[in-house]
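Input: a single structure, listed below in structure tokens.
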Amino acid sequence: MSKAPLMPVEDALDQLLGMATEQRLADSELLALDDARGRVLASDLVATLDLPPWPNSAMDGYALNLSDLHRQPLKVSQKVYAGLAPDTLLPGTCARIFTGAPLPPGATCVEMQENVEVLEDGRVRFLQPLKAGQNIRAQGQENRVGDILLRAGKRLGPFELAVAAGQGLAQLHVVRRPRVALLSTGDELVEPGQPLRPGSIYNSNRVLLGHWLRELGCEVIDAGILPDRPAQTRLKLEQLQVATDLILTTGGVSAGDADCLGQVLRDNGKPLLWKLAIKPGKPLTVGHFGTVPVIGLPGNPTSALVTFGLLARPYLLRIQGVEDVMPLSFTVSAGFDWHKAGGRREYLRVKLEAGRAVLYPNQSSGVLLGATWADGLVEIPENSTHNLGDPLRFIPFNELF
């Protein structure tokens, strides 16, 4: 019997995003701005204020009406500080004004203080040609009432939250947190802080993925470590269906005798995809157990990192309503030769040095330390070789996180 072909990465991503669109979360909650970083806006943010709400000075200087320029030197009739309401400008006078202060009614321009001569009697002379609107921030220059400032589905960072604050908002409606059950599988796993048994290893994936999920705005349900037993695996998945939006697992998704999770999903669930043309991360498994989506990541730490970052992360953003879910990437020059053409797309840990991608010496999928050294991943397309200096796609880790 011939083996089924491996699924291309793009096809897997399309299927995952299609599944995410069907599972999109509808509920929202009202959060204070200080608690909303990293969350996703549930409805459009519409301006209720013009910004600026009135014309104001772009710098420290003097406000005047251009029609009075022929009368100079001009008397200073008032001082206008930010936060104060000015009087109407008296004809034949100017106003001392400071950055951000409202423009006095009747003033048509502002001259910076460096271009003004202050005479002994306090009057001022303007030394440079002036024009209407000079150094004035017009009312509504940033936005007008009714403008859509942020679309629903926007992930909220410091800039977006500051925009909301500029409209006087102290709270925003955000999409509720996805509830993700995080399950590790494998008889060999031991949690940090416990003594190692012969043949056991510490569970680093739970820490990596738990923090990553929280950065993505998820509520994490720690489902612990599951031994390699089909009956226990089936029972655990049944228990985790309650009040869970996604079951995320690591390990147990290959085709070996001890890989129970993949077996249980294929025998009792609804598998969507299994085995990708990707390295590391080939045995990624996606499907449903009952009505709950399951993403089964490989157990090797770097395999889990790559498949979560490139496939599970976009899924989790999309179910929250984010449309632009792909990380920004750019082209860099290869700082290495790559003569091992393979049938799977490869993602290599690299550091950028003088504009070139330099390889971490050990690209094993079991080596996580390389991620602390690297700046990100370079993509090696299927069936391709590359020479020093060739262009490659680079995905920064700070985009994935």
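The values are calculated or read from the model by the stated rules, or taken from the named source; none is laboratory data. Given the structure is predicted, the values throughout are model-derived calculations rather than measurements. All Cβ positions, even for glycine, are placed from backbone atoms using ideal geometry, and neighbour counts span all protein chains on display. Surface accessibility is based on the protein's heavy atoms, side chains included, excluding ligands, DNA and RNA. Shrake-Rupley method; radii C 1.70, N 1.55, O 1.52, S 1.80 Å.
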For this session: Restricting attention to region 319-341, report how many residues are open to solvent by 20 Å² or more (accessible area, probe 1.4 Å), touching a residue at least 60 places away in the same chain (Cβ under 8 Å) and either more than 30 Å from S43 (Cβ to Cβ) or not aliphatic (A, V, I, L, M) (or both).
Result: 4
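If you take the residues in region 72-109 that are β-branched (V, I, T) and in contact with a Pro (Cβ under 7 Å, 6 or more places away or on another chain), which one is farthest from A58 (Cα to Cα)?
Taking the candidates together, the pick is T88.
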For this session: Among what's in region 179-210 and is touching a residue at least 60 places away in the same chain (Cβ under 8 Å) and among the aliphatic types (A, V, I, L, M), pick the residue that is farthest from G262 (Cα to Cα).
Result: L208
Exercise. Out of all the residues in region 194-216, which are at pLDDT 95 or above and either touching a His at 6+ places or on another chain (Cβ under 9 Å) or at positive phi (or both)?
Worked result: none
Exercise. Any residue at all in region 112-129 that is touching a residue at least 40 places away in the same chain (Cβ under 8 Å) and closer than 10 Å to S57 by Cβ?
Worked result: yes
Problem set entry | Failed condition for G290, given (1) at pLDDT below 90; (2) crowded, with 20+ Cβ neighbours inside 10 Å | (2)
For this session: Return the only residue of L51, L25, L41, L31 being under 18 Å from R179 (Cβ atoms) and in contact with an Asp or Glu (Cβ under 8 Å, 6 or more places away or on another chain).
Result: L25
For this session: Six or more apart or on different chains, Cβ under 6 Å: which pairs go from a residue in region 59-76 that's without any contact (Cβ under 8 Å) to a residue 24 or more places away in the chain to one that's of a type in the set (K, R) and assigned to a strand (DSSP E or B)? Could you list them?
Result: none
